[in-house]
1. Would you check if ALA60 is in contact with a strand residue (DSSP E or B) (Cβ under 6 Å, 6 or more places away or on another chain), over 19 Å from ALA159 (Cβ atoms) and surrounded by 20 or more Cβ atoms within 10 Å (Cβ to Cβ)?
2. Return the residue satisfying two criteria in turn: it lies in the stretch 115-134 and is of a type outside the set (S, T, N, Q) and not in a helix (DSSP H, G or I), and of such residues it is surrounded by the fewest Cβ atoms within 10 Å (Cβ to Cβ).
3. Going by the structure shown, is GLU23 within 20 Å of the chain's Cα centre (by Cα), farther than 21 Å from ASN277 by Cα and charged (D, E, K, R)?
4. Quick one: which residue in TYR172, TYR233 is surrounded by fewer than 17 Cβ atoms within 10 Å (Cβ to Cβ), aromatic (Phe, Trp, Tyr) and more than 19 Å from GLY291 (Cα to Cα)?
5. Go through (1) within 12 Å of the chain's Cα centre (by Cα); (2) closer than 17 Å to ALA224 by Cβ for ALA180 and report which single condition fails.
Amino acid sequence: MRPILNVVITGASAGLGRAIAHEFGKTGARVGLISRDLPALDATAAEVERLGGTAATYAADVSDDQAVEAAAASFEERLGPIDIWVNNAMVSVFSPIKEMEAAEFRRVTEVNYLGYVHGTLAALRRMLPRNRGRIIQIGSALAVRSIPLQSAYCATKHAIVGFTDSLRCELYHDSSDVKAIVVHMPAMNTPQFTWVKSRLPNLPQPVPPIYKPEVGARVVVHAAFASMPRREYWVGGSTVKAIVGQKFIPGLLDFYLGKTGYKAQQSPEPDSPDRPNNVWHSVSTDLGADGPFDRKSRSFSLEAEVSKHRGWFVFGCGLIGAAFCARKILAR
C-alpha cells in the first residue's frame, strides 16, 4: 500500500509539470501546484482532484525566492509537511548565440537554474529538520549534451546537474536521509513549443523521437515512491544515446549536430515574430499537458522502464547507441 504523499510541483500549469501532477493525483497525493498562470493552475488542480488527489495552488514566479518560500509555507499549512518537491519550471529561447541578448540569458538562468535553487532551498528548510524528503530535479538529455539554438536552456540544465551533485555530496556528509534525484527527459510533446521565444524562420519543434509527457511523469512518480531511488533516471532511448555518446564521441557529436541540429528543431510551418512567448510573462492559455505533436509521440519508453532499475544493461545499450551514432556521422 503506497503512502499518501504531500508533493509540490513547479511549472505545474502545463506540459510535463501538469502531467506529473496528474500522475501523483492518481496515487491520492496532496499536490501543491506552482506557476505564474493561476487560471491554468486552477484547471490543473481540478484535474488532480478528479483523478483522486487533493490539490492546492499558488501563483508565483520561481525566479523570486521569496515567492517560492511563501508558496512552500502556504502548502505546508494547507496540505501538511512536504514529502516530495519537484523542480520543473522552465523557459527557453530558440536562437543562435550571436543573436541572443544578455537579458535573455539572464532571464532563462533566473527561471531555469535559480528557480531550481530557490525550490531546493525552500524544500531543504523543511526536510532537513525532519530528516526525510526527496527533491526531484527535472533534467534533460541536454543537461549532458548541448545542441545548437538552445544555448541558454542547455547551460541552465548543465548548471542544475552541477548544483545537485554538490548537494548530494553534502547530504552524504551530513548523513541525511533527504534524497536529491535528477530525471533526465527526452524531447516531449508539450505546449512549450507553441509559446517559446524564437528567432527561427519556422516554428520550433522537439527533435524526434518525441515522447508523450506522461512517459516522463511516470518515472518521476516512481522516483518518489522507490525504496532506494537512483541518483539519476534516463528517460527515452535518445537520452541514453546523448548521455553516453557525449562520454565517448563528443567531437563527432559537435560536427553532427552542427550539420543537422538547425533543421531538426524547426517544423515546415513558418513562424511569426509577433507570436506571444512566455519568457517574461505567462501566456494566458490553458493548453493542458500535451502539445501539438501527438501523432508523432510515443506513449512508451523501454529505456524509461529499464532506468527505474538501471544497471549495466542501460550502459551497454548506450554504448551500442553511441557506436551507431558514430557510424552514421562518419558515413556523412
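1. On the way: in contact with a strand residue (DSSP E or B) (Cβ under 6 Å, 6 or more places away or on another chain): yes; over 19 Å from ALA159 (Cβ atoms): yes; surrounded by 20 or more Cβ atoms within 10 Å (Cβ to Cβ): yes.
Spelling it out, ALA60 is indeed in contact with a strand residue (DSSP E or B) (Cβ under 6 Å, 6 or more places away or on another chain), over 19 Å from ALA159 (Cβ atoms) and surrounded by 20 or more Cβ atoms within 10 Å (Cβ to Cβ).
2. Here is the first cut: in the stretch 115-134, the ones of a type outside the set (S, T, N, Q) are 115-119, 121-130, 132-134.
Okay, now just the ones that are also not in a helix (DSSP H, G or I), so 132-134.
On the way: ARG132: 13, GLY133: 22, ARG134: 23.
The qualifying residue surrounded by the fewest Cβ atoms within 10 Å (Cβ to Cβ) is ARG132.
3. For GLU23, the condition - within 20 Å of the chain's Cα centre (by Cα), farther than 21 Å from ASN277 by Cα and charged (D, E, K, R) - is met.
4. On the way: TYR233 fails: surrounded by fewer than 17 Cβ atoms within 10 Å (Cβ to Cβ).
Only one candidate qualifies: TYR172.
5. ALA180 satisfies every listed condition except (1).
Okay, residues lined up against (1) at pLDDT below 80; (2) surrounded by 13 or more Cβ atoms within 10 Å (Cβ to Cβ); (3) under 20 Å from the mean Cα position of the chain (by Cα):
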site	(1), (2), (3)
LYS241	no, yes, yes
TYR262	no, yes, no
ASP274	no, no, no
HIS281	no, no, yes
LEU287	yes, yes, yes
PRO292	no, yes, yes
PHE300	yes, no, yes
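The values are calculated or read from the model by the stated rules, or taken from the named source; none is laboratory data. As the structure is a prediction and not an experimental result, all values here were calculated from the model. Every residue, glycine among them, receives a Cβ derived from its backbone with ideal geometry; neighbour counts consider all protein chains shown.
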